[in-house]
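*Asks:* Following this message is one structure expressed as structure tokens.
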Amino acid sequence: MGIYQHLSDIVKNFVATIYTSAETPKIIEDRSELFRLSVTKAHRQRWGDSWYRAGVVITNDKGEFLLVEDLRCRINGVWHTIEDRWNIPSGSCEEDEQFIDAAVREAREELGQGVRLKGICAIKHGKHNDDPCLLIVFVAELTGETFEFNHKEVKSQRWFSEDAIYDLERQDKLRSPDLVLQVVKNCRQGFVLPLEVLNEYQP
């Protein structure tokens, strides 16, 4: 191989490396960088769905929990219609949206009701639709306000006793069984953190 061909191959490889680095999302070993980023369009374009999610758990005087029946779920990036699958109201934070605001909005969209947040009963770091996520679940109470819920995401809402929720888990009818059972257990044990532990909370 001549010297010119050798230099040409080096240049081609260098250019290819630069192009690949520009087009391929960066895999970050230190996830702390991600939690310093705002939820922005650029953030989602780089890492997919929002890393940040919020949910609510609501109980009534009978000790029952209010769950929603999901109408669809995303598997490997494709939405599928599902039947008889239950979950707590939850969803992704929108661009520049705080966890608290996202929780209230998700309750309106999935329950059709207004809520007042009272505390935090679960924090989950894991995956959602194959994307890493941080989810905060708030304890909430209904305010009496009513809204039109999102019929594209949720089929219905229903109160379930603790025993009935465990029955759903045994029948594989919980959308996020580990999360739902953790939330139920924490609420029953009174393991609820004050909202003040979240820096975005403004009393």
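*Asks:* If you go through the range 156-191, how many residues are surrounded by fewer than 17 Cβ atoms within 10 Å (Cβ to Cβ) and over 19 Å from the mean Cα position of the chain (by Cα)?
*Replies:* Residues that pass the stated criteria total 18.
*Asks:* Going through the range 86-99 one residue at a time, which ones are surrounded by fewer than 19 Cβ atoms within 10 Å (Cβ to Cβ) and either in contact with a Leu (Cβ under 9 Å, 6 or more places away or on another chain) or under 18 Å from L67 (Cβ atoms) (or both)? So that I can check it myself, show each step before the final result.
*Replies:* To start, the set of residues in the range 86-99 that are surrounded by fewer than 19 Cβ atoms within 10 Å (Cβ to Cβ) comprises 94-98.
The answer is Q98, and nothing else.
*Asks:* I've got another one for you. Considering only residues that are buried (at least 17 other Cβ atoms within 10 Å of the Cβ) and under 18 Å from H151 (Cα atoms), which ones fall in the range 113-126?
*Replies:* Within the range 113-126, Q113 is the sole residue that qualifies.
*Asks:* One residue is enough: does the range 123-130 have a residue meeting the conditions free of Cβ contacts under 8 Å to residues at least 24 places away in the same chain, in contact with a strand residue (DSSP E or B) (Cβ under 6 Å, 6 or more places away or on another chain) and of a type in the set (V, I, T)? Full working, then the answer.
*Replies:* Narrowing the range 123-130 to residues free of Cβ contacts under 8 Å to residues at least 24 places away in the same chain: 123, 125-127.
Still in the list and also in contact with a strand residue (DSSP E or B) (Cβ under 6 Å, 6 or more places away or on another chain): 123, 125.
From the residues that got through so far, the ones that are of a type in the set (V, I, T) too are 123.
Yes: the range 123-130 contains one or more residues that are free of Cβ contacts under 8 Å to residues at least 24 places away in the same chain, in contact with a strand residue (DSSP E or B) (Cβ under 6 Å, 6 or more places away or on another chain) and of a type in the set (V, I, T).
*Asks:* Among (1) modelled with pLDDT of 95 or more; (2) within 16 Å of A54 (Cβ to Cβ), there is one condition K185 misses while meeting the rest; what is its number?
*Replies:* Result: K185 passes all but (2).
*Asks:* Give all pairs with beta carbons closer than 9 Å in which a residue from the range 178-203 that is under 26 Å from R85 (Cβ atoms) meets a residue that is of a type in the set (S, T, N, Q); count only pairs at least 6 apart in sequence or on separate chains.
*Replies:* L179/N87; L179/S90; V180/N87; C187/T59
The values are calculated or read from the model by the stated rules, or taken from the named source; none is laboratory data. Note that this is a predicted model, so its numbers are computed, not measured. Neighbour counts are summed over all protein chains in view; Cβ atoms, including those assigned to glycine, are modelled from backbone coordinates with ideal geometry.
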